[in-house]
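The values are calculated or read from the model by the stated rules, or taken from the named source; none is laboratory data. Computed from a prediction, not measured in an experiment: that's the story for all the values here. Heads up: the accessible areas ignore ligands, DNA and RNA and are worked out on the full protein's heavy atoms, side chains in. Shrake-Rupley method; radii C 1.70, N 1.55, O 1.52, S 1.80 Å.
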Amino acid sequence: MAKSSTNSSRRGFGVGRIFFVLMGIASFGVLAYLLVQVTYQFLVPPPAHRLLFVQDIPLPSGFCKTGPCTEHPLAPGVQQDFDGFDFQAYDPPTHKLFIAHTGPTPDMLVLAHPAFAPKFNPAVDIKFDGHIIVFDTEQDKLIARINIPQVAGMVDALDLRKVYAADAEESIVYSINVNTLKATPIQLDDNESPDAMSYDPVDHRIFVSDPGTNADPKNLNVDLNNQNVTVIDALTDKVFRKINLGGLPLLPGENVKSFANAPKVKVTQIRNIQNIPIYGHDVGHNKYDAGLQRVFVTSQVLGDANIRSTSDNPNPLPPPGTGELIAIDPVNATIVQRIVLPASCSTPHGMDIDTDQQIAFIACTKFDSASTLFQNLLRVDLRTMTVISTAPVNVRLAGGPDIVLIDHSQHVLFVACKGGISVFDEKAGEFKKLGDYVLGKGTHTIAVDEQTQEIFLPQLSGGIPILRIGRYNPNGV
């Protein structure tokens, strides 16, 4: 019995010893692996991102009526309530970047600060509310400030040496001489609220998207007569024609309440209203395609703007399946074709065109988690006016998409969003999303220097307005 016990002890000791040895080997292996990984991290730097930070340039305050800013208009400023930026226009020959610093929205300021209302004189103060900053990208410095308030859209008419800027608050488009920076006003009709613009260099015309603004503060819906594309003769800087989108009839498949269902509703100056949606059409961004000699406009049949967000309906959506792409003949300034976009594209807004492929890239901007509707990028073959099928989940955008811009030298597409920059490879046959990248907050406006691959992202950061400069890295991840 004693001998048996001794043998058992020896066997137990042997098993324990083997286990101890195996644990030691395993521990050593893990330690060696960790040491190799740590050493690798030190010796081999991680791959760089596709969007690299370069530098920040402080910008002036958005609202300047009195104080030091009047004496030093380019001095660094401070962030103000409801301040913001919009379109940019880059002029390669002069290396001048024109940046729309919209300034605080007057209506929002008055609503948020009632005590401010008696002090605010719209006829006077609007002139100081926002401006255009001119930045020299070669010298990396601010060189001028053009006092045009509440600028939304901008476009460079390269051959005419002009930049056009849309004052959305006063319904004025300004023609700016790129060399002298002198601005000439072109007055539009009241309540047009001009926004995005494009330039047709063949016919020398500026196409201005006018989504309109409500004339009655108690009614948020825009008059259908103010939902237009205004055509400006860029040689004379005179309005040539208005193309009304508000009075367009519904297309087949668009199931929306029209005037035929609401005979008591009246609308002026628009005929044959029976098949016209009651609240008209939103007017999104427009782009000129030289190859097809067409101007394309994104649009959306509108719902009732007076329906506010509630707990039962936190995200009011426009009528589903009523987003549109509209083709315009720039010579005759007439609409020649319209198509309905898929229901997965709610409120198409920002757009750019690859004129080599004749493909439009459109930012669909509405989301609704309850119906699995999310913001995504849509492609349309402009030669056939057909949507290129892509699963929306594969082309999701960062939150709050706005401006779409192609760097044609790199075949890279950027979608500037409030929540980051969505980047796509848009080469023919290789279209895919590359990723979402964050270079600050509120980055919904973007400009690109295709010679240097620098990108320009004006924004508010740390209580000050800045121009954040980045660079696209084609070898990044």
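Quick notes on this one:
- Surface accessible to a 1.4 Å probe, per residue, for the residues of the range 149-245, Å²: 38 Å²
- Per residue accessible area of the range 318-408, 1.4 Å probe, in Å²: 36 Å²
- Global form of the range 421-460, assessed from the alpha-carbon gyration tensor, a/c cut-off 1.5: oblate
- Accessible area per residue for the range 410-463 is 36 Å², calculated with a 1.4 Å probe on protein heavy atoms, without ligands, DNA or RNA.
- Gyration tensor (alpha-carbon) shape descriptor, the range 166-253, a/c threshold 1.5: oblate
- Length-normalised contact order for the range 380-452 - Cα pairs under 8 Å, 6+ apart - percent: 26 percent
- Pairs spanning more than 28 Å between alpha-carbon atoms, out of LYS218/LYS238; LYS127/LYS162; LYS182/LYS218: LYS218/LYS238; LYS182/LYS218.
- Separation between Cα centres of the range 333-375 and the range 191-230, rounded to whole Å: 19 Å
- Centroid-to-centroid separation of the range 72-87 and the range 127-152 [C-alpha atoms, Å]: 10 Å
- Taking the 1.4 Å solvent-accessible surface of the range 338-383 as the whole, the part contributed by carbon and sulfur is 49%.
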